[in-house]
1. So how many residues does segment 216-235 have that are crowded, with 23+ Cβ neighbours inside 10 Å and part of a loop (DSSP other than H, G, I, E, B)?
2. Among the residues of segment 203-215, what is the count of those that are in contact with a helix residue (DSSP H, G or I) (Cβ under 8 Å, 6 or more places away or on another chain) and in a helix (DSSP H, G or I)?
3. Considering (1) under 23 Å from residue 118 (Cβ atoms); (2) surrounded by fewer than 17 Cβ atoms within 10 Å (Cβ to Cβ); (3) touching a strand residue (DSSP E or B) at 6+ places or on another chain (Cβ under 7 Å), say which one residue 238 fails and leave the rest.
4. Can you report the number of residues in segment 180-204 which are closer than 28 Å to residue 123 by Cβ and in contact (Cβ under 8 Å) with a residue 24 or more places away in the chain?
5. Mind counting the residues in segment 143-172 that are in a loop (DSSP other than H, G, I, E, B), in contact with a helix residue (DSSP H, G or I) (Cβ under 9 Å, 6 or more places away or on another chain) and within 21 Å of residue 4 (Cβ to Cβ)?
6. Quick one: would you say residue 254 is surrounded by 24 or more Cβ atoms within 10 Å (Cβ to Cβ) and more than 12 Å from the chain's Cα centre (by Cα)?
7. Which one of the conditions (1) touching a helix residue (DSSP H, G or I) at 6+ places or on another chain (Cβ under 6 Å); (2) on the phi > 0 side of the Ramachandran plot does residue 200 fail to meet, given that it meets all the rest?
8. Checking the structure you have, find out if any residue of segment 148-160 is out of contact with any strand residue (DSSP E or B) (no Cβ under 7 Å at 6 or more places or on another chain) and without any contact (Cβ under 8 Å) to a residue 12 or more places away in the chain.
């Protein structure tokens, strides 16, 4: 069953060894993460199903990563000391794989021990107190938004049939053109993307997210739209209250932290 759901940013600057003095500009996001960390602990989640836009991606299929254990690393950002060891939930991933195939949702499996920063950053910030948890790492694809939403709907079917207490987390940064602090500058599409996505999440308007102009989505230069759409599919028809904990963009990239309280 789904007991927890959230949207979190994955900027490596949130990690002390990388962000250093820049973390001060992300203080609100870090406070929001602290609230989520406590809520996740209190939910007694046993497995985290996390959707990252930076995992190995296929053009025509979603994918799940299956390895004996996972290792969250941040070597590409100069941090060679971080090594978060994570257990895999083999059984749940197998159930997801089988259901997707039965429902004709294109889904394949990969096997890669090292986790990208789209997983590693949120996991480091969310699991400091959580005990004996496992991970199911899922990846987006180049398929369209409606197919991602359908993937989320089928994911919900699997998770609600399980006895395992599951948290579903979309790892998602918003536009890289959110404001003038962006190295590439602000764009109308970037700003429109930010305001629209935040509004639709606050009002749980999945149809509104799906109806967004895809040229705006593309030109926003973002990586969070499809993980968020997938999460919204997984929350369809549930008794859910949405709460935006934080939005900030001190470096011109939109960082949204939101939780979904499930009754």
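1. 3
2. Of the residues in segment 203-215, 6 are in contact with a helix residue (DSSP H, G or I) (Cβ under 8 Å, 6 or more places away or on another chain) and in a helix (DSSP H, G or I).
3. Evaluating residue 238 over (1) under 23 Å from residue 118 (Cβ atoms); (2) surrounded by fewer than 17 Cβ atoms within 10 Å (Cβ to Cβ); (3) touching a strand residue (DSSP E or B) at 6+ places or on another chain (Cβ under 7 Å) leaves (1) as the failure.
4. 11
5. Of the residues in that region, 5 qualify.
6. Considered against the rule, which asks whether it is surrounded by 24 or more Cβ atoms within 10 Å (Cβ to Cβ) and more than 12 Å from the chain's Cα centre (by Cα), residue 254 comes out as yes.
7. The single condition residue 200 does not satisfy is (2).
8. There is no residue in segment 148-160 that is out of contact with any strand residue (DSSP E or B) (no Cβ under 7 Å at 6 or more places or on another chain) and without any contact (Cβ under 8 Å) to a residue 12 or more places away in the chain.
Each value in this text was obtained by applying a stated rule to the coordinates, not by laboratory testing. Values in this document were obtained by computation on a predicted structure and should not be read as measured data. Here the Cβ is made from the backbone with ideal geometry for all residues, glycine too, and neighbour counts use every protein chain on show.
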